[in-house]
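Only one structure is covered here, and it is reproduced in the block below.
The values are calculated or read from the model by the stated rules, or taken from the named source; none is laboratory data. For clarity, every value in this text was computed on a predicted model and none was experimentally measured. No Cβ is skipped: glycine too gets one built from the backbone with ideal geometry, and neighbour counts run over all protein chains shown. With ligands, DNA and RNA removed, areas are computed over all heavy atoms of the protein, side chains included. Shrake-Rupley method; radii C 1.70, N 1.55, O 1.52, S 1.80 Å.
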Amino acid sequence: MMGRSLKPPPQAVSFKDDELDPNLTMREKVTQVTKDRVCMGCHGTINSLGFSLEHYDALGRWRNEENEKPVDAVSNYETEDGKMIRLQGARSLAEFAAHNENSQKAFVRHFFHYLVKQPVNAYGVKNLENLHRHFKKSSFNVKELIIEILCVASMHGLEKENS
């Protein structure tokens, strides 16, 4: 979602919900399971994003409390450039992602792959930048992005044939 890459975990740890205190909220359980320094290498990034979505349960339903405790959807997220921002729920996460260039490019990259079933770089190294520029210029119009992606995919290789 934020366009950041994380390394695979050095060791796999399964989340054994049934072994944790059932009175804990999911946030408290995740904090407990990932508190180790080795885990926090990635979960320092992951948790803050996930915690901002705490108002939603596993099925996406809104909730104000979990296990008779008020939901805490506030977190501090460290951006790729080291700046700390305060996320206060899903809306602030969405606003941050929508205005973040890396998130925009990640959206374009994933959307291209979804539509074409191939990575955007398979169609040329400059295509991601070009598609992002077009998306931005169109005021982030998704319909325009779809058209541009389909044009890039359908025209791929034709310029060599015509030479």
If you place +1 on the Cβ of every Lys and Arg and -1 on the Cβ of every Asp and Glu, how big does the dipole about the Cα centre of region 20-112 come out, in debye to the nearest 20? 200 debye
Sorted by chain and number, the residues with a modelled amide H under 5 Å from that of Glu66, at a separation of 5 or more or across chains, are Val71
What is the percent carbon and sulfur in the accessible area of the chain, measuring with a 1.4 Å probe over the protein chains and ignoring ligands? 53 percent
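How high is the relative contact order of the chain, in percent, counting Cα pairs under 8 Å that sit 6 or more residues apart? Mind showing how you got there, number by number?
Working: 144 pairs, mean separation 28.6, N = 163.
In percent, rounded to a whole number, it is 18.
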Which lysines, if any, have their Cα less than 17 Å from the Cα of Lys136, not counting same-chain residues under 8 positions apart? Lys105, Lys126
Subtracting the Cα-Cα distance of Arg63 and Met1 from 0.36 nm times their residue separation yields 20.0 nm
Accessible area per residue of the chain at 1.4 Å probe, in Å²? 69 Å²
